[in-house]
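Working notes, beginning with the structure itself.
The values are calculated or read from the model by the stated rules, or taken from the named source; none is laboratory data. Owing to the predicted nature of the structure, the values given are computational and were not obtained by experimental measurement. Using ideal geometry, Cβ is built from the backbone for each residue, glycine included, and neighbour counts are taken over all protein chains shown. Please note that ligands, DNA and RNA were not included when accessible areas were found on the heavy atoms of the full protein model with its side chains. Shrake-Rupley method; radii C 1.70, N 1.55, O 1.52, S 1.80 Å.
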Amino acid sequence: ARVTSGACGAFQAFSMFVKAKEVPAAARCPAGGEGARWRCCRQAFEELSGIHRHVALQHAGDIRLLAAPTDAAQQAGLPAKQELAEASPSSGPAPAGHADGLHGHSCSSSEISCTLPDTSHVSYDDLTSKVGEVLLYYCYCEVKDPEKLCAWQKALCQHLHLTGKVRVASEGINGTVGGSKVATNLYIEVMLSQPLFKDILCQEDFKSSAGGAHCFPDLRVGVFKEIVPMGIDPKIVSYKETGIHLSPQEFHREVEQYLSQASQGQSDTILLDCRNFYESKIGHFQGCLAPDIRKFSYFPSYIDENLELFKDKRVLMYCTGGIRCERGSAYLRSKAVCREVYQLKGGIHKYLEEFPDGFYRGKLFVFDDRYAICSNEDIISACRYCGTLWDQYKLCSSQHCQQLVLTCPSCRNKGLTACCHVCQEKELKVTSRASGQTLKEECECTRRRPRVPIEHVSQRTLDAGK
């Protein structure tokens, strides 16, 4: 029977596709037991739900082709099984010449599947283990076809059961993904083997911390204008005009010298935190200038409004993993007011790997469900309500708000779970109406904070490193 169009045809095409991926019973598990029942894209599946999910996510295009055969196929009189074989990607090794898979015109799901790593030697339990890590990385490079890179990234992450967020643009890629240790190792291996990133991305560019797929609610991969949202066209302010990169050791020495000179009132340096206020609130370098801004897209305006502050200064910049400094330092350099601009290569992440008890105090904020990771025991922030030392963020409990709040267990037990008194009152009203609608809205916390603060910092204060 031929695969026909319509819902019935799609169902039949799906079933035949799955059927074609079955492993013969005799080849499943010579030592006894069930073993892998299906293989596809060099991945093994023991459960029917697993192969169904894989086919639905990775081979939707192939199923559509099978459900609605082309005129050429009809004229050729190809039986359904032959159509299936021609539309289905090989489950064997990737053919030579298909390894890059990211250049040229948009590729089909079959071509993408050929670039995915072989996981047949890995058990499903190892691949999906909850004990794993979270990776943070970025790579600035010329991407001719962002849509293709985006499709490949999505397929790769799904193939390895990774969750997280990946931003793709014509200027490169920026990602943070979580999964098992096996999965993240395979991910790094594949990324380093791609010609698109060759001689640009290296092993040390991947920052890792304890975690896993559970650290993110889902997987989000998309194409954007910028891989980090500064709000300025990359053609106007390019990552190619970045500041001077300092290794963690070099940066440590610079901060040490800066603090020593500042204590004597002799410093000509500004240690600038490029992150948002809620990040620097729970952890920062000693003696830094931490802008009270909510978004990195406010950073250029912050520089413009405080340009006099940076005149004739040496600026040491840092951020979480280094990516915001790439564009941020380029923007600051474009103003031509600083003596020199330096940035911490690999960001705080890499610095803490080498100096866990160095000049960075407090926790490191991360953009996932963990909110923060720590390397030292210092707590530098306080509960929003009682002032007790506290640095563990929670989302504001009010349905209409998405702000983060520091509220200690004692205050939470008293019902103080919102980011401000306005939200606390609104929460009661929304709860009483039993409204299921979730909205984002500016509350007291954001309304009272200037969008771009103007620093009233005296030279004496800067010299003191405060």
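What the table below lists for this structure:
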{"quantity": "Helices (runs of 4 or more DSSP H) enclosed by region 111-219 - at least 1 residues per element that are of a type in the set (S, T, N, Q)", "calculated": "146-159, 181-193"}
{"quantity": "Tabulated pairs, region 197-213, first touching a residue at least 12 places away in the same chain (Cβ under 8 Å) and over 15 Å from residue 180 (Cβ atoms), second open to solvent by less than 80 Å² (accessible area, probe 1.4 Å) and of a type in the set (Gly, Ala, Ser), C-beta under 7 angstrom, 6+ apart or interchain", "calculated": "207/321; 207/346"}
{"quantity": "Residue within region 370-385 that is acidic (Asp, Glu), more than 17 Å from residue 276 (Cα to Cα) and open to solvent by 60 Å² or more (accessible area, probe 1.4 Å) present", "calculated": "yes"}
{"quantity": "Region 238-277 - residue that is open to solvent by less than 20 Å² (accessible area, probe 1.4 Å) and modelled with pLDDT under 95 and, of those, nearest to residue 310 (Cα to Cα)", "calculated": "267"}
{"quantity": "Residue count for region 389-401, restricted to those that are surrounded by fewer than 20 Cβ atoms within 10 Å (Cβ to Cβ), closer than 12 Å to residue 416 by Cβ and not small (Gly, Ala, Ser)", "calculated": "1"}
{"quantity": "Residue satisfying condition, being more than 24 Å from residue 17 (Cα to Cα), touching a Gly at 6+ places or on another chain (Cβ under 6 Å) and modelled with pLDDT of 95 or more, within set 222, 132, 175", "calculated": "132"}
{"quantity": "Condition met for residue 351 (of a type in the set (Phe, Trp, Tyr), part of a helix (DSSP H, G or I) and buried (at least 18 other Cβ atoms within 10 Å of the Cβ))", "calculated": "yes"}
{"quantity": "Test result for residue 233, surrounded by fewer than 16 Cβ atoms within 10 Å (Cβ to Cβ) and under 22 Å from the mean Cα position of the chain (by Cα)", "calculated": "yes"}
{"quantity": "Selection count, region 372-424, where residues are touching a residue at least 12 places away in the same chain (Cβ under 8 Å), under 19 Å from residue 294 (Cβ atoms) and not in a loop (DSSP other than H, G, I, E, B)", "calculated": "8"}
{"quantity": "Search result, residues across region 185-199 that are modelled with pLDDT under 95 and over 15 Å from residue 152 (Cβ atoms)", "calculated": "198, 199"}
{"quantity": "Top-ranked residue of region 278-299 - restricted to ones that are crowded, with 17+ Cβ neighbours inside 10 Å and of a type in the set (Ser, Thr, Tyr), ranked as farthest from residue 370 (Cα to Cα)", "calculated": "298"}
{"quantity": "Members of region 312-325 that are open to solvent by 30 Å² or more (accessible area, probe 1.4 Å) and touching a residue at least 60 places away in the same chain (Cβ under 8 Å)", "calculated": "none"}
{"quantity": "From 346, 358, 328, residue being assigned by the TED database to the domain that holds residue 277, surrounded by 19 or more Cβ atoms within 10 Å (Cβ to Cβ), at pLDDT 95 or above and farther than 18 Å from residue 241 by Cβ", "calculated": "346"}
{"quantity": "The listed residue being modelled with pLDDT under 90, outside the structural domain of residue 313 (by the TED database), open to solvent by 80 Å² or more (accessible area, probe 1.4 Å) and of a type in the set (D, E, K, R), out of 466, 414", "calculated": "466"}
{"quantity": "Meets criteria (small (Gly, Ala, Ser), open to solvent by 10 Å² or more (accessible area, probe 1.4 Å) and in contact with a Lys or Arg (Cβ under 7 Å, 6 or more places away or on another chain)) for residue 222", "calculated": "yes"}
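Residue-by-condition table, conditions (1) farther than 21 Å from residue 43 by Cβ; (2) surrounded by fewer than 22 Cβ atoms within 10 Å (Cβ to Cβ):
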site: 146; (1), (2): yes, yes
site: 157; (1), (2): no, no
site: 161; (1), (2): no, yes
site: 165; (1), (2): yes, yes
site: 177; (1), (2): no, no
site: 185; (1), (2): no, yes
site: 189; (1), (2): no, yes
